[in-house]
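The values are calculated or read from the model by the stated rules, or taken from the named source; none is laboratory data. What you see is a predicted model; the values in this text were computed from it and never measured. Using ideal geometry, Cβ is built from the backbone for each residue, glycine included, and neighbour counts are taken over all protein chains shown. Ligands, DNA and RNA are stripped out before the accessible areas are found, and what is left, the full protein with its side chains, is counted by its heavy atoms. Shrake-Rupley method; radii C 1.70, N 1.55, O 1.52, S 1.80 Å.
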Amino acid sequence: MSLVRLTQVELRKLADTRSGLWLLIAIGLAAAGTAVIMIAAAPDAEQTYRGLLAFGLIPASVLLPVLGILSMTSEWSQRTALGTFTLTPARGRVVVAKLAAAVLIAVAATAAAAVLTVAANLVAIGTGGDGSWEITAEQIGRLLLNQVIFVLMGSAFGALLMNSPVAIVLYFAIPTAWTVLGAMVKWLARAAEWLDVNVTSLPLSEATMSGGQWGRLGVACAFWVGLPLVLGTVRMLRREVS
């Protein structure tokens, strides 16, 4: 099968299972909920299109990586590895298709949030909020990049661990523990500036991002996305299928 066809299959698999479908529904409901919270509780000056969009994408950045994990672990957790790799013996192409599907679902989630935010901003204008529509293509691109980074990070954890529950738990536990340690332990603070993906990705939702911040983000992505993805891909290519 072509890579396009494989990617279409992986996209369909994300919504075919009950867990994947409910995750997508939860992301949509959570995005709507964040808009309500922002309009009800945020200061009027913060109720802008850019502010609503950035806040509305937070649930997606938390939940989309779980879809990436489930995609990478599906062959092993659902015991479909034999069928998948018999139809497509080149396992590397399957991995690429899963990564492409993860990126596409991040793009779709960002686009859906952008459309939903239009309605939310109109409501904000009607309730006395700022309602500014000002947002640049660069800012939208950085918000999208943030979604892509985290969904690929989830996919990397799934590829490395090849077990859905373990990958989901460790995906949330290890980076969070590192963030806490970086804030509490003084001699780890400097390393955390470069290796804490939660900290280095934060400026993506802000108005500006300097060259040094891009460098720290790149190092953190190499550590949290690139390294586990390479190791996981090697493991997946070599794992015996029974």
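Worth a mention:
- Selected residue [open to solvent by 50 Å² or more (accessible area, probe 1.4 Å), modelled with pLDDT under 90, in a helix (DSSP H, G or I) and among the β-branched types (Val, Ile, Thr)] from VAL169, VAL230, VAL199, VAL219: VAL199
- Residues being in contact with an Asp or Glu (Cβ under 8 Å, 6 or more places away or on another chain) and open to solvent by less than 40 Å² (accessible area, probe 1.4 Å) - total across the stretch 22-50: 4
- Some residue of the stretch 59-66 being at pLDDT 90 or above and surrounded by fewer than 16 Cβ atoms within 10 Å (Cβ to Cβ): yes
- Only one of LEU181, LEU161, LEU188 that is at pLDDT 90 or above and of a type outside the set (Phe, Trp, Tyr): LEU161
- Restricting attention to the stretch 202-216, the residues being β-branched (Val, Ile, Thr) and either open to solvent by less than 70 Å² (accessible area, probe 1.4 Å) or assigned to a helix (DSSP H, G or I) (or both) number 0.
- Any hit, the stretch 110-125, residues being open to solvent by 40 Å² or more (accessible area, probe 1.4 Å), under 15 Å from GLY68 (Cβ atoms), out of contact with any Ser or Thr (no Cβ under 9 Å at 6 or more places or on another chain) and part of a helix (DSSP H, G or I): no
- Residues (under 15 Å from the mean Cα position of the chain (by Cα) and not polar (S, T, N, Q)) located in the stretch 200-216: LEU202, LEU204
- Residue, surrounded by the most Cβ atoms within 10 Å (Cβ to Cβ), within the stretch 79-109, restricted to residues that are free of Cβ contacts under 8 Å to residues at least 12 places away in the same chain and under 24 Å from VAL241 (Cα atoms): THR84
- One residue stands out among those in the stretch 233-242 that are among the β-branched types (Val, Ile, Thr) and assigned to a helix (DSSP H, G or I): the one that is surrounded by the most Cβ atoms within 10 Å (Cβ to Cβ), which is THR233.
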